[in-house]
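Comments concern the structure below.
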Amino acid sequence: MPDRYDVLVVGAGPAGLAAAQTAAAHGARVGLLDAQPRPGGQVWRHDVRHQAPRAAREAIAKLQGVDVLASHSVVAVESSALRVETAEGGRLISYGSLILATGARELLLPFPGWTLPGITGAGGLQALTKQGWPVAGKRVVIAGSGPLLLAAADTLRKHGAQVLGIYEQAPAASVHAFARQLRHWPARALQAIGLRVRLAGVPYRFGSFVRRAQGSDSVQRVDIDTPTGTQTVECDLLAVGYGLVPNTELAQLLGCAMDYLGPHPHVGVDRLLRTSMGGVYAAGEAGGIGGLAVARLEGAMAAHIATGHSVAAHALAPQRDRERRFGALLARHFALDPRLHALGDDSTMVCRCEDVTLGDLNGFTDARAAKLATRCGMGACQGRICGTALAELGRFPRSGARPPIFPARLATLAGLTTLPSDDAYRGS
Amino acid sequence: MSAQVKLSVNGSLVEVPAGASVAAAIAQLTTQFRRSVSGTHRAPLCGMGVCFECRVQVDGVAHVRACMTPVSEGMQVITDA
Ligand SMILES: Cc1cc2nc3c(=O)[nH]c(=O)nc-3n(C[C@H](O)[C@H](O)[C@H](O)COP(=O)(O)OP(=O)(O)OC[C@H]3O[C@@H](n4cnc5c(N)ncnc54)[C@H](O)[C@@H]3O)c2cc1C
Ligand code: FES
C-alpha cells in the first residue's frame, strides 16, 4: 500500500464512500480509511444476519481503484499527513487533499444507574446487534430522542428482540408537527411510514424519558417519566440515546475552525465544504447532523472540489441545501427537554473512565480545572462521553482535542516527528 | 452468512457467526466486560468504538475494544470482571 494519496478520505460511512468513489472516478489516487473493520459507517454497518440495503452494497461495490484501509485509526496529525494506528503498528499516510467524513456519535446523558451492564446507547445497541450481540427473546426498552430510536427498534425486532416500548422525550405536539413536515421530503416520508408499519404494535410514547435504572448485575427495571406519571418497566436491556453529535476531534487537531449548534461543535465549512484549513474538506455528519442523504451528496461534492471539479460540486449544492434543511427540522422538533439536564444527582457517575461523579465536579467552571482536580475526562474515551454530556448539561464546554485523539500504543506515538508541545497540553 | 466461528471466552468455548464482534461473543456468556477504577462492573455502552467500556484482553493484548474487533477462529478472550 502506498503511503501517499492525492485524496485521503477519513471515515467510510456514506459520506466517505461517496467521496472516495467520486475522487477515484476523477482519476485521483484515493485512500479511504476507517477505524472500523468494514466500510459502511453507522447507518450501513455490516449486519451478520441480514443483507445490507441495496444502496449500501452498491456504494461499497463501486470502490474499485480505491485503497480501502480498514481498522485504521487516525491518532495524530503531521504536516499534510496522518499518523495512523493499525493492528500491525503505526503508519504515516500523507495526502494532497484530505476529506473528513468522520460522522457522528450518540449523545449519552448520565442518569442514576446508567453504568449498569445492559444499558447502551440506542444506536449503540443497534450497532452491537448488527454485529451479533444476542438480543433474541430479550425485553428491550428504547428511549431518548429522534428518529434513530425507530431505526434501532426495527433492527432489534429483526433480530428477535421484544421491544417493550419506544420512549421519546420530545412532546407529542412536536413529533406530530415534524411528521407533517415530512411531506416535503417524500423519500423520508416513505421510510418513516415503512418503519411505523413494521413497528405496529410497539408503543411509541412522547414526552417520556428514563429517570433511572436499577438492577444488580445488569439492568432489571427502569423508571420512566411520562406526561401521566411515573411508570416502572421490567426489562433485560435499556437502549437510550439523545440524538447525535458530530465527531470533530480530528478536525480540531488539524486546526479547522468549528461552528456550534448549542454546546456541540461541528466542522465549519463554506458552501463547497472547504474547512478553514487549505486542502481539508468536511462532508456528512462531521459538518453537522443531516442524515444519510446529506452525507452522500456532500461526500460527492467534497471529492469534486478536492479534485478541481467545482462545476460538478456547485451543481449538487442546491439539492444538498434542501437536505440540510431536514437536519435543521430535526434539531428543532427533537430539541431536548431541559429536565434531562437534571436527571443525575450528586452521586451519579459522569466520567465512566475515571469514576467521577457529578457531585465531584460541583464548583468547577472549566474542563481543565475539573480535569486536574478530579481526572474527569482523562480516561480512555478522552472525554468523548463525559465531556460531551457535561457540555450538554451546561456545566462547562469540552476541552479541545489533543494528540493522540485515540489512546495509541507507544510504538505508534514514537513515530511522531512532532510531539505535542507542553503548550498544546496546557492550552487544552 | 451461516459460517460459524469458535473462540474461547474466559476459557469457555463460544460459537458466533463469522463477522460478529468479540463483544457479541462475550455477551453469549456474561454481561460484565471490565471493572471500573472503583470496582463496578461495566459493559459496552456506545457500540461504536468511542466509550472504551468494552475493553478486554484478546490473544494476550490488553485494552482491546471488543465492539471494534471481529472474532477469529481460536481467539482467546479474557474479560476483566
Ligand atoms: C450508532 C449510530 C447508529 C445510526 N443508525 C442509523 C440508522 O439506522 N439509520 C439512519 O438513517 N441513520 C443512522 N445513524 C445516523 C448516521 O449518522 C447517518 O445516517 C450516516 O451514517 C452518516 O454518514 P457519515 O458518512 O456522515 O458518517 P458515519 O456513517 O458515522 O461514518 C463515519 C465513519 O468515520 C469513522 N471515523 C471517525 N473518526 C475516525 C478516526 N479518527 N479514525 C478512523 N476512522 C474514523 C467511523 O469509524 C465511521 O465509520 C446512526 C448514527 C449512529 C451514531
Ligand atoms: S462499546 Fe463503546 S468502545 Fe466498545
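See the values below:
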{"read-out": "Qualifying strands (runs of 3 or more DSSP E) (wholly inside the range A:226-342; at least 2 residues being open to solvent by 60 Å² or more (accessible area, probe 1.4 Å))", "value": "A:229-234, A:258-261"}
{"read-out": "Check on B:Val9, within 22 Å of A:Val219 (Cβ to Cβ), open to solvent by less than 70 Å² (accessible area, probe 1.4 Å), more than 14 Å from ligand 2 (Cβ to nearest atom) and in contact with a strand residue (DSSP E or B) (Cβ under 8 Å, 6 or more places away or on another chain)", "value": "yes"}
{"read-out": "Residue count for the range A:187-225, restricted to those that are closer than 21 Å to A:Leu109 by Cβ, in a loop (DSSP other than H, G, I, E, B) and more than 14 Å from every other protein chain (Cβ to nearest Cβ)", "value": "3"}
{"read-out": "Among (1) under 24 Å from B:Arg35 (Cβ atoms); (2) within 16 Å of ligand 2 (Cβ to nearest atom); (3) touching a strand residue (DSSP E or B) at 6+ places or on another chain (Cβ under 6 Å) - the single one A:Cys376 does not satisfy", "value": "(2)"}
{"read-out": "B:Ala43 vs. criteria free of Cβ contacts under 8 Å to residues at least 24 places away in the same chain and within 10 Å of ligand 2 (Cβ to nearest atom)", "value": "yes"}
{"read-out": "Meets criteria (more than 30 Å from A:Ala23 (Cα to Cα), away from chain B (no Cβ under 14 Å) and in contact with a helix residue (DSSP H, G or I) (Cβ under 8 Å, 6 or more places away or on another chain)) for A:Leu297", "value": "no"}
{"read-out": "Members of the range B:40-76 that are more than 9 Å from every other protein chain (Cβ to nearest Cβ) and among the small types (Gly, Ala, Ser)", "value": "B:Gly60, B:Ala62, B:Ala66, B:Ser72, B:Gly74"}
{"read-out": "Residue in the range A:19-37 that is farthest from the other protein chains (Cβ to nearest Cβ), counting only those that are within 16 Å of ligand 2 (Cβ to nearest atom) and either buried (at least 18 other Cβ atoms within 10 Å of the Cβ) or within 19 Å of A:Ala282 (Cα to Cα) (or both)", "value": "A:Asp34"}
{"read-out": "Per-region count, the range B:11-33, residues more than 7 Å from chain A (Cβ to nearest Cβ) and farther than 15 Å from B:Ile78 by Cβ", "value": "2"}
{"read-out": "Filtered residues of the range B:26-61 (kept if within 14 Å of ligand 1 (Cβ to nearest atom), among the small types (Gly, Ala, Ser) and buried (at least 24 other Cβ atoms within 10 Å of the Cβ))", "value": "B:Gly47"}
{"read-out": "Criterion: buried (at least 18 other Cβ atoms within 10 Å of the Cβ) and within 14 Å of chain B (Cβ to nearest Cβ) - qualifying residue of A:Arg49, A:Arg45, A:Arg83", "value": "A:Arg45"}
{"read-out": "Looking only at the range A:39-69, and only at residues there that are within 11 Å of ligand 1 (Cβ to nearest atom) and in contact with a Ser or Thr (Cβ under 9 Å, 6 or more places away or on another chain), the one that is nearest to A:Ala408 (Cα to Cα)", "value": "A:Leu69"}
{"read-out": "Which listed residue is over 30 Å from A:Val74 (Cα atoms) and either among the β-branched types (Val, Ile, Thr) or outside the structural domain of A:Met258 (by TED's automatic domain parsing) (or both), from A:Asp355, A:Asp360", "value": "A:Asp360"}
{"read-out": "Set A:Val75, A:Val48, A:Val68, A:Val7: member being within 16 Å of ligand 2 (Cβ to nearest atom) and hydrophobic (A, V, I, L, M, F, W, C)", "value": "A:Val75"}
{"read-out": "Those strands (runs of 3 or more DSSP E) lying entirely in chain B with at least 3 residues of a type in the set (A, V, I, L, M, F, W, C)", "value": "B:4-9, B:12-17, B:61-65"}
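Conditions tested, residue by residue: (1) without any contact (Cβ under 8 Å) to a residue 12 or more places away in the chain; (2) within 12 Å of chain B (Cβ to nearest Cβ).
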position	(1), (2)
A:Arg352	no, yes
A:Asp355	yes, yes
A:Thr365	no, no
A:Gly377	no, no
A:Cys386	no, yes
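Conditions (1) crowded, with 22+ Cβ neighbours inside 10 Å; (2) away from every other protein chain (no Cβ under 13 Å); (3) within 21 Å of A:Arg221 (Cα to Cα), marked per residue:
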| site | (1), (2), (3) |
| --- | --- |
| A:Gly118 | yes, no, yes |
| A:Gly121 | yes, no, yes |
| A:Lys130 | yes, no, no |
| A:Trp133 | yes, no, yes |
| A:Lys138 | no, no, yes |
| A:Leu148 | yes, no, no |
| A:Leu156 | yes, no, yes |
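The values are calculated or read from the model by the stated rules, or taken from the named source; none is laboratory data. Fair warning: this is a prediction, and the values are worked out from it, not measured in the lab. Neighbour counts run over all protein chains shown; Cβ positions are idealised from the backbone, glycine included. All accessible areas refer to the heavy atoms of the entire protein, side chains included, with ligands and DNA or RNA removed. Shrake-Rupley method; radii C 1.70, N 1.55, O 1.52, S 1.80 Å.
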